[in-house]
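Working notes, structure below.
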Amino acid sequence: MIWLIFQIWVLLLIAFVLGWFAHWFLCCRNKNQEAVVDMSSETTASAAAVTTAASAAPQVTIDDSWKPMGFASRPDQVDDLKRIKGIGAVIEETLHGLGIYQFSQIGDWDSDNTAWVENFLSFPGRINREDWINQAKTLSAGGTTDFAKRVDKGDVEY
């Protein structure tokens with residue numbers, strides 16, 4: 001009987017240690033590390049190519065000085081950012097939270113701003129892959145894109 005109680009306590013101790021390790025692994029292990037982002041400007045067609053480019057490219061840390069300039073409050077003229085392919089309703093609201101309301105703001109992003117936003121959104125490589133900046137420049141200048149035409153027709157649902 002005593003041997004059975006001892007075995008149960010040992011198993012409970014092992015379960016406790018494994019639970020804490022799983023908690024640390026899933027939640028806490030990256031809190032003290034700085035975010036690292038691939039700063040290569042190459043757009044690649046496949047995930048394998050992206051992985052190869054990321055491993056070969058220099059790595060830099062991100063800080064808030066790279067955050068793109070946003071409006072302190074909502075301006076009178078707000079563009080429909082969902083007309084950019086890759087920006088849905090959720091990402092649009094997140095960008096609004098950063099003070100990004102107009103195509104011209106996205107069109108003015110440099111590689112540092114792009115890296116900061118990708119890190120903030122947790123979508124590395126997405127902005128270059130989906131060409132947000134060139135789409136934003138076109139839309140800001142009064143032009144249109146195929147995707148924007150589809151959005152204007154109502155063919156794209158969010």
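Derivation of every value follows stated rules applied to the coordinates shown; laboratory data play no part. Just so it is clear, the model here is predicted, and its values are computed rather than measured. Neighbour counts are summed over all protein chains in view; Cβ atoms, including those assigned to glycine, are modelled from backbone coordinates with ideal geometry.
Of note:
- Tensor-based shape of region 105-158 (alpha-carbon gyration tensor, a/c under 1.5 rounded, otherwise prolate or oblate): oblate
- Extended-chain gain in nm, criterion 0.36 nm per residue less alpha-carbon gap, residue 17 and residue 155: 44.4 nm
- Length added when fully stretched, residue 2-residue 122, from 0.36 nm per residue minus Cα-Cα: 38.0 nm
- In plain terms, the chain from residue 73 to residue 108 could stretch by 10.7 nm, reckoned as 0.36 nm per residue minus the Cα-Cα distance.
- Placing R0 at 41 angstrom, the Cβ-Cβ distance between residue 137 and residue 25 gives a FRET efficiency of 0.45 after rounding to 0.05.
- With N counted as the residues of region 66-153, its alpha-carbon radius of gyration over 2.2 N^0.38 Å works out to 0.99.
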